[in-house]
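The values are calculated or read from the model by the stated rules, or taken from the named source; none is laboratory data. What you are looking at is a predicted structure, and each value in this text was computed from that prediction instead of being measured. Backbone-built Cβ (ideal geometry, glycine too); neighbour counts: all protein chains shown. Areas reflect the complete protein model, heavy atoms only, side chains present, ligands, DNA and RNA absent. Shrake-Rupley method; radii C 1.70, N 1.55, O 1.52, S 1.80 Å.
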Amino acid sequence: MPHPKTVEEMIECAGPIECELLPRLIQVTETAAIAAAYQMGRGDKNFADQVAVASMRRMLNKLDMKGIIKIGEGERDEAPMLFIGEEVGTGKGGLEVDIAVDPLEGTNLTADGCPGSVAVMAMAERGGIFHGPDIYMDKIVVGPDVVRYEQDHLGERIDLDAPVSHNLKIVAKALGRSVEELVVVILDRPRHTQKITEIREAGARVRLVTDGDLMPGVATAIRGSGVHVVMGAGGSGEAVLTAAAIKVLGGKILARLVLPTVANGQTKDKIDEEIEEKMPRLEKMGITLENLNDVLDTNKLVPGNDVIFSATAVTPGHFLHEVNLFGSGDARVHTISMGTSGAVRFTDSIYIKDKQETPLYL
Ligand code: VTB
Ligand code: MG
Ligand code: MG
């Protein structure tokens, strides 16, 4: 797409999904986040998830589109709703969209009242979102400065298979700082012990998170968020959702599917068992033992040209405020949303039913 010269031209560039569905998408993540926020700190992660899923599904089914869930809550038999393959929307209008959802990313974080949970979703035209299995993806996520640096310095590239120190040196140079000044976010899991050691030995600082490596990935593309790189194996759905935002914001994600038994260092027997159990299903999605290890870049994860993304915080995030509840269901919510045209919005929405009862606060 040629670079538009003015904001007016930019708005003209927006595709039909961005024009028609982005304003609605914001409401979908907002309402799911509000539903989840009522369950914050109650120690019941499944119920918190359930109310977010139900809310998201109700809202999605009001939208004029033919939507198919490509990244969802799991397979039809294990997930009662928003399962992979579920059709959503009224079916009216001409829009055929692929959808990636994580109605409550960070269920434990919500149940414990800890920072980092969001309701999040992306859409693109049919075929625009990677249709992959719900296993892990190992990944590295960096912001747009790194992409520009790579373009200007041929041969210096982020590489999923390169030593951690190689990648961190490139990020440091791209950001005009030293490796010691970088912050790398990674899930605190035994499977990452080696990688965490390598990051520390390379000199960078580590921010371990108990859950939620999706929004830190988005944060790499936002200066001032305090996150420069995300590494490690997390959910594949989370990686695809990260890719949707990163595609719009101009950063870069490299990812590779990993079987949970492999990621978590199980014995060969356990790995073989998982291969036998999972491969038939994966092969239906075009994933074989030969291509399982391929590196997928941003465009492979989200090939769409009319991509939209929205995430509303439930609990406080790196750059979003938590949901505030005040007075019989009234709420204030903070969302980041964006579309391929390049329009990125931070919306601070206040829903008040009775203006006499609930005054507006700054
Ligand atoms: C990952 C991560 C997510 O859950 O999927 C994680 O990407 C589950 O990992 O952000 P484990 O199987 O190691 O627990 C999240 O942290 C939250 O959905
Ligand atoms: Mg989920
Ligand atoms: Mg999740």
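Assorted remarks:
- Scope the stretch 230-257; condition part of a helix (DSSP H, G or I) and of a type in the set (Val, Ile, Thr); matching residues: 240, 242, 246, 248
- Some residue of the stretch 309-327 being of a type outside the set (D, E, K, R), away from ligand 3 (no atom under 16 Å from the Cβ), farther than 30 Å from residue 36 by Cβ and surrounded by fewer than 23 Cβ atoms within 10 Å (Cβ to Cβ): no
- Any chance residue 116 is away from ligand 2 (no atom under 16 Å from the Cβ) and on the phi > 0 side of the Ramachandran plot: no
- Unique residue being within 22 Å of the chain's Cα centre (by Cα), open to solvent by 70 Å² or more (accessible area, probe 1.4 Å) and either modelled with pLDDT under 95 or not assigned by the TED database to the domain that holds residue 71 (or both) when the list is 145, 152, 188, 161: 188
- Residue match in the stretch 49-69 (condition: within 16 Å of ligand 3 (Cβ to nearest atom), assigned to a loop (DSSP other than H, G, I, E, B) and either in contact with a strand residue (DSSP E or B) (Cβ under 6 Å, 6 or more places away or on another chain) or of a type outside the set (Lys, Arg) (or both)): no
- Among residues of the stretch 105-116 that are over 20 Å from residue 71 (Cβ atoms) and within 9 Å of ligand 1 (Cβ to nearest atom), none has a Cβ under 6 angstrom from a residue that is at pLDDT below 95 and polar (S, T, N, Q) at a sequence gap of 6+ or on a separate chain.
- Residue 94 passes every criterion in (1) assigned by the TED database to the domain that holds residue 34; (2) modelled with pLDDT of 95 or more; (3) away from ligand 2 (no atom under 16 Å from the Cβ) apart from (2).
- Only one of the listed residues (221, 233) is within 16 Å of ligand 3 (Cβ to nearest atom) and either crowded, with 21+ Cβ neighbours inside 10 Å or over 21 Å from residue 98 (Cβ atoms) (or both). That residue is 233.
- Single condition residue 92 does not satisfy, out of (1) loosely packed, with under 15 Cβ neighbours inside 10 Å; (2) within 30 Å of residue 278 (Cα to Cα); (3) not hydroxyl-bearing (Ser, Thr, Tyr): (2)
- Scanning the stretch 265-293 for residues that are over 22 Å from residue 131 (Cβ atoms) and in a loop (DSSP other than H, G, I, E, B) yields 265, 266, 267.
- Hey, residue 215 open to solvent by 10 Å² or more (accessible area, probe 1.4 Å), hydrophobic (A, V, I, L, M, F, W, C), within 16 Å of ligand 3 (Cβ to nearest atom) and not in a loop (DSSP other than H, G, I, E, B) or not: yes
- Any chance residue 350 is in contact with an Asp or Glu (Cβ under 9 Å, 6 or more places away or on another chain) and open to solvent by 30 Å² or more (accessible area, probe 1.4 Å): yes
- Against the list (1) at pLDDT 95 or above; (2) within 29 Å of residue 192 (Cα to Cα); (3) acidic (Asp, Glu), the condition residue 306 fails is (2).
- Residue 103 satisfies every condition listed in (1) open to solvent by less than 20 Å² (accessible area, probe 1.4 Å); (2) within 16 Å of ligand 2 (Cβ to nearest atom); (3) assigned to a loop (DSSP other than H, G, I, E, B) except (3).
- The single condition from (1) of a type in the set (D, E, K, R); (2) touching a Leu at 6+ places or on another chain (Cβ under 7 Å); (3) under 30 Å from residue 70 (Cβ atoms) that residue 189 fails is (2).
- The residues listed here are 30, 86, 73, 125; of these, the one that is within 15 Å of the chain's Cα centre (by Cα) and among the charged types (D, E, K, R) is 73.
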